[in-house]
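Since every read-out is calculated from the coordinates, none of them should be taken as a lab result. Given the structure is predicted, the values throughout are model-derived calculations rather than measurements. Positions of Cβ are backbone-derived with ideal geometry, glycine not excepted, and every protein chain shown enters the neighbour counts.
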Amino acid sequence: MKAQIRGFDVHKGYLDKLSQTALIEEIRRIAAKAPMLPPQTPGGKPMSVKITSAGKMGWSSDKSGYHYTSCHPNGTAWPAIPETILALWHQLTKLEREPDCCLINYYGEGARMGMHQDRDEADFSWPVMSVSLGDSGLFRIGNKIRGGATESIWLESGDVVIMGGDARLTYHGVDRIRFGSSSLLSKGGRLNLTCRVVV
Ligand code: SIN
Ligand code: FE2
């Protein structure tokens, strides 16, 4: 089922259980080579999510700011974006161009993400595709400028959101997760993948 919420295309239940499980295996393989780490905000505070990436570029944050890099802090190149994710991207965005980065966020118990725009990419005419796996997360969608009215929806395992077009720079964040609401990850938590065209 597809719904438009404040310009975002929300595909509820897009991935079945089998595809979700297969994706978790892919993410495990990625994290084995490029371990998930807690980034620091530009202000020097640790973020509550842990992150890693796949693709030509990986997103990171530290005291020098937000940026894309061509390798993990441990020096290894980012693993390739899994074929299944690329297929999903082509299917839903109808684009031939592949994403340069698949950022992987892990939300453990109590993790959240403040309201922000995805604006470290060069060209905002490309959409961002977000895939949710595991525990449900309360996703808040705001406006193109900070503040104002917002709308919240629970993103559940298998939901896919396309943030593009006029809504590409819409503020969004994750207020909280329902830790333990899904059995997809044996230790609980929520994974979110966002695919981006960076350069
Ligand atoms: C993000 O905005 O980077 C993550 C969104 C989400 O976790 O659903
Ligand atoms: Fe974002």
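The table below lists the values:
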{"read-out": "Compactness index (Cα Rg / 2.2 N^0.38 Å), the range 8-138", "value": "1.05"}
{"read-out": "³J(HN,Hα) computed for each position of the range 100-112 - Karplus, 6.51 cos²θ - 1.76 cosθ + 1.60, integer Hz, glycine/proline x", "value": "8, 9, 10, 7, 10, 9, 10, 9, x, 4, x, 6, 8"}
{"read-out": "Derived scalar couplings ³J(HN,Hα) [the range 70-79; Karplus, 6.51 cos²θ - 1.76 cosθ + 1.60; whole Hz; x for Gly, Pro]", "value": "8, 8, 5, x, 7, x, 7, 4, 5, x"}
{"read-out": "Built amide H within the under 5 Å cut-off of residue 143, gap 5+", "value": "171"}
{"read-out": "Over 23 Å [Cα-Cα, the range 1-80], rounded percent", "value": "42"}
{"read-out": "Listed residue pairs exceeding 21 Å between alpha carbons, taken from 45/144; 56/187; 17/187; 33/63", "value": "45/144; 56/187; 33/63"}
{"read-out": "Share of pairwise Cα separations in the range 55-111, more than 19 Å, in percent", "value": "42"}
{"read-out": "Most to least packed among 142-149, 126-133 [average Cβ atoms within 10 Å]", "value": "126-133, 142-149"}
{"read-out": "Phi-based couplings in Hz for the range 53-63 (Karplus 6.51, -1.76, 1.60; Gly and Pro marked x)", "value": "9, 10, x, 5, 10, x, 8, 8, 9, 8, 4"}
{"read-out": "Residues with amide H under 5 Å from that of residue 5, placed H, sequence gap 5 or more", "value": "10"}
{"read-out": "Whole-number D in µm² s⁻¹ for the range 94-199, Kirkwood Cα-pair radius fed into Stokes-Einstein, 25 °C, 0.890 mPa s", "value": "172"}
{"read-out": "Cβ-based net charge around residue 143, under 15 Å, with every Lys or Arg adding one and every Asp or Glu removing one", "value": "+3"}
{"read-out": "Kirkwood Rh in Å, taken over all unlike Cα pairs in the range 92-143", "value": "13.7"}
{"read-out": "Neighbour net charge for residue 178 - beta-carbon separation under 14 angstrom, K R +1, D E -1", "value": "-2"}
